[in-house]
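What follows is a set of notes on a single structure, which appears directly below.
Each reported figure results from applying straightforward, stated rules to the coordinates on display, with no laboratory input. On a predicted model such as this, the values are computed, not experimentally measured, just so you know. Here the Cβ positions follow ideal geometry from the backbone for every residue, glycine too, while neighbour counts run over all protein chains shown.
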Amino acid sequence: MSSISIKGIVLGALFGVGAALVLAFLALLFFPLDASQVGSEPSPMYSVARYAGNVTVVLVGGYFAARIAKRGELINGALSSFLYVGGGIYLLIDPQFADEWMQNFILNLAAPPIGLLGGYIYRQTSRAQRQPHSA
């Protein structure tokens with residue numbers, strides 16, 4: 001039996017995309033942009049929120065991919081980052097985003113290990129729940 005679950009990978013990735021859309025909406029509420037800010041350097045707080053949001057989205061996607069798959073938690077968690085990486089590759093080759101090339105490159109490299117971490121967290125929590133508690 002293969003440890004890769006297409007269903008888990010796809011649903012974990014889609015959950016991550018949905019979470020990213022929600023986080024993007026919340027970011028616009030907390031960090032509204034006006035016309036004078038277009039093309040200017042983002043605030044440090046915005047950058048921290050962006051990175052934290054990206055890590056959270058990929059981590060949660062990896063967790064849910066592993067949870068849905070119920071086997072091969074690590075590989076399914078890592079592979080659930082495929083939509084994130086695909087979008088990141090687009091950002092790397094689009095000249096419109098050339099000024100953020102290094103940040104996008106680093107986030108793309110980090111996405112599969114972060115998804116793997118989500119799978120690892122699921123594996124550890126599911127094992128802890130299966131262990132009988134001794135009093």
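With the cut-off at 17 Å, report for segment 63-124 the share of all Cα pairs above it, as a whole percent.
Details: 802 of 1891 pairs.
The calculated P(r) of segment 63-124 puts 42 percent of pairs beyond 17 Å.
Remark: Val85, Val17 ranked as Val17, Val85, counting other beta-carbon atoms within 10 Å and listing the fewest first.
Across segment 106-111, rounded Karplus estimates of 3J(HN,Hα) from the backbone phi angles (6.51 cos²θ - 1.76 cosθ + 1.60, θ = phi - 60°) give 5, 5, 5, 5, 7, 4 Hz, Gly and Pro being marked x.
Placing pseudo-labels 7 Å out from each Cα toward the beta carbon at Met45 and Ala24 gives an inter-label distance of 2.3 nm. The mean sequence distance of close C-alpha pairs (under 8 Å, at least 6 residues apart), as a share of the length of the chain, puts its relative contact order at 33 percent.
Only helical runs count toward this figure. For the chain, summing -39,500 (n - 2.57) over DSSP H runs of n ≥ 4 and dividing by all residues gives -25500 deg cm²/dmol at 222 nm.
Whole-Å semi-axes of the chain's equivalent ellipsoid, largest first, each the root of 5 times a Cα gyration tensor eigenvalue?
Numbers: eigenvalues 208, 58, 27 Å².
Working from the Cα gyration tensor, I get semi-axes of 32, 17, 12 Å.
Under the 0.36 nm per residue contour assumption, what length would be gained going from the current alpha-carbon distance of Trp101 and Ser3 to full extension?
Numbers: separation 98, 0.36 × 98 = 35.28 nm, distance 3.43 nm.
This chain segment gains 31.8 nm when fully extended.
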